[in-house]
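Here the structure comes first, spelled out in structure tokens, and everything after it is commentary.
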Amino acid sequence: MSWDWAYIGDMMPLLLDGLRTALIATVIGFVLAMVLGLVFALLRRSKTAWISVPVGFVVEFIRSTPLLVQLFFLFYVLPQIGIEMSALVAGIVGLGLHYATYTSEVYRAGIDGVPPGQWEAATALNLSTRRTWTSVILPQAIPRSIPALGNYLIALFKDVPQLVAITVAEPFTVAREVIAESFKPFEAITMAGLLYLIAAFVLSYFGRLVERRYGTVRV
Amino acid sequence: MSGAQIGLLAFGAWQTLLLTLGGAALGLLFGFLGGLARVSDVKILRAIGFVYVEFFRGAAVLVLAFWFVYALPMLGWQLEPLFAGMLALGLNIGAYAAEVVRGAIQSVPSSQYEAALALNFTTGQRMRRVVVPQAVVAMIPPFSNNIIELLKASAVVAVVSISELTFNGQLIWSGNGRAASVFGGLLIMYGIMAVVFTILMRLLERRAALSVGRQPDPGMWKRMRRRAEVSA
């Protein structure tokens with residue numbers, strides 16, 4: 001077997017296109033996970049058991065079942081009840097929903113880390129519940145959560161190759177198409193894997209930068 | 001559902017269990033080797049541990065599985081698919097486990113090291129008889145998270161045609177076209193397996209805590225009973 005550079009040169013633009021799709025899925029999926037995670041965390045703290053218990057159950061269920069099967073569910077089952085999504089959108093929703101169950105735990109820890117005196121002070125100042133959350137608790141809880149959130153950005157990116165199963169055009173899907181014509185899997189699979197690996201390292205480097213910049217609480 | 005379909009699901013669940021347990025065994029091995037290497041006094045071992053952890057935490061299970069199943073045969077090594085899956089899972093989870101092992105060993109109070117030194121234990125004795133038995137107790141709770149991650153990751157190897165639960169579910173679906181019941185059923189089966197693994201790991205955790213003379217956290221039942229007594 002020989003390593004064919006010309007073959008790699010031919011497929012590289014296609015693979016890079018795939019990587020761009022993968023990065024789009026990562027970024028939008030992660031934004032979704034950050035927003036939904038906060039919603040889950042707040043709902044789980046609700047004093048009404050009718051809200052907190054079912055939300056808690058759903059979150060635990062999503063977290064302990066495989067993303068891949070959830071993707072199949074979103075992409076193949078939801079159209080039957082009239083919710084049609086393109087493969088990429090289904091992938092983004094799946095990633096966002098799955099990782100929201102992780103980020104909600106991060107927010108929970110961040111909220112628990114706010115000293116009780118802050119709650120008491122908000123009560124003493126007669127702030128409304130909404131004001132307490134938006135002006136006192138969350139501005140302290142969210143920066144605390146950033147370092148751990150960064151870890152989940154990398155984790156989410158590493159799950160993007162699973163979108164191959166619902167035909168999103170990420171690098172492995174591209175590699176499969178290339179292989180179907182060339183019958184030379186070694187270079188294609190290796191390059192797709194390497195692209196993911198390099199991108200993961202770059203992302204984790206930026207994650208560390210963001211953490212250093214925003215990860216401290218300023219009072 | 002026909003008998004053949006139930007058979008497929010049962011076989012798939014069995015393969016998933018094998019993948020999870022085999023992956024866990026390999027992961028435990030790699031985790032201990034990697035974690036011990038990372039706290040070693042020998043610089044080159046520390047470097048190897050570091051590279052192992054950084055590389056395999058960065059490489060997704062799917063990427064590894066793809067590579068083992070489709071690329072490695074080109075180099076002349078053909079792995080049994082199930083074993084290729086276990087290896088991909090084990091290498092990946094082992095990198096996370098190595099960090100757990102490192103953290104747990106470093107969390108053993110330094111007075112324990114000093115006591116072992118004062119008693120003239122060799123390095124090997126110190127690790128085997130003093131440090132590791134205490135560190136293991138601290139490892140079990142994070143390991144139980146890891147094993148749930150491993151169970152979930154085992155579904156990923158369906159993509160390289162290993163006939164575990166998800167793959168067989170897809171087969172049934174392509175036969176009968178009932179996406180909702182097949183994929184909903186798969187989710188429930190994975191959910192049940194995750195609950196069983198969590199309960200088993202919790203029992204192990206209590207066992208381990210008792211074995212080094214620590215009071216384990218009260219279980220859910222005991223907590224509920226105590227609460228009932230207080231309110232009565």
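Counting the residues of the range B:25-42 that are under 15 Å from B:Leu151 (Cβ atoms) and surrounded by 24 or more Cβ atoms within 10 Å (Cβ to Cβ) gives 1.
When B:Phe55 is tested against (1) within 14 Å of another protein chain (Cβ to nearest Cβ); (2) touching a residue at least 24 places away in the same chain (Cβ under 8 Å); (3) surrounded by 15 or more Cβ atoms within 10 Å (Cβ to Cβ); (4) under 30 Å from A:Leu153 (Cβ atoms), only condition (3) is not met. Of all residues in the range B:159-184, those that are in contact (Cβ under 8 Å) with a residue 40 or more places away in the chain and either more than 8 Å from chain A (Cβ to nearest Cβ) or charged (D, E, K, R) (or both) total 12.
Here's the yes/no breakdown for (1) within 13 Å of chain B (Cβ to nearest Cβ); (2) not in a helix (DSSP H, G or I):
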site: A:Ile146; (1), (2): no, no
site: A:Ile154; (1), (2): yes, no
site: A:Phe157; (1), (2): yes, no
site: A:Ala169; (1), (2): no, yes
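Mind telling me which of the residues B:Arg202, B:Arg227 ends up being at pLDDT below 75 and assigned to a helix (DSSP H, G or I)? None of the others qualify; the one that does is B:Arg227. For the condition surrounded by fewer than 15 Cβ atoms within 10 Å (Cβ to Cβ), aliphatic (A, V, I, L, M) and in a helix (DSSP H, G or I), what is the one hit in A:Ala90, A:Ala109, A:Ala122, A:Ala100? Only one candidate passes the filter, namely A:Ala109. The test for being polar (S, T, N, Q) and at pLDDT below 90 holds for B:Ser161.
Taking the criterion of being within 25 Å of B:Leu72 (Cβ to Cβ), in a helix (DSSP H, G or I), more than 8 Å from every other protein chain (Cβ to nearest Cβ) and without any contact (Cβ under 8 Å) to a residue 60 or more places away in the chain, the residues of the range A:180-209 that qualify are A:Ala180, A:Glu181, A:Leu194, A:Ile198. Only residues that are more than 8 Å from chain B (Cβ to nearest Cβ) and within 17 Å of the chain's Cα centre (by Cα) were counted across the range A:64-84, and they come to 2.
The values are calculated or read from the model by the stated rules, or taken from the named source; none is laboratory data. Not measured: the values here are computed from a predicted model. When we count neighbours, we look across all protein chains shown, and the Cβ atoms used for this are built from the backbone with ideal geometry, even at glycine.
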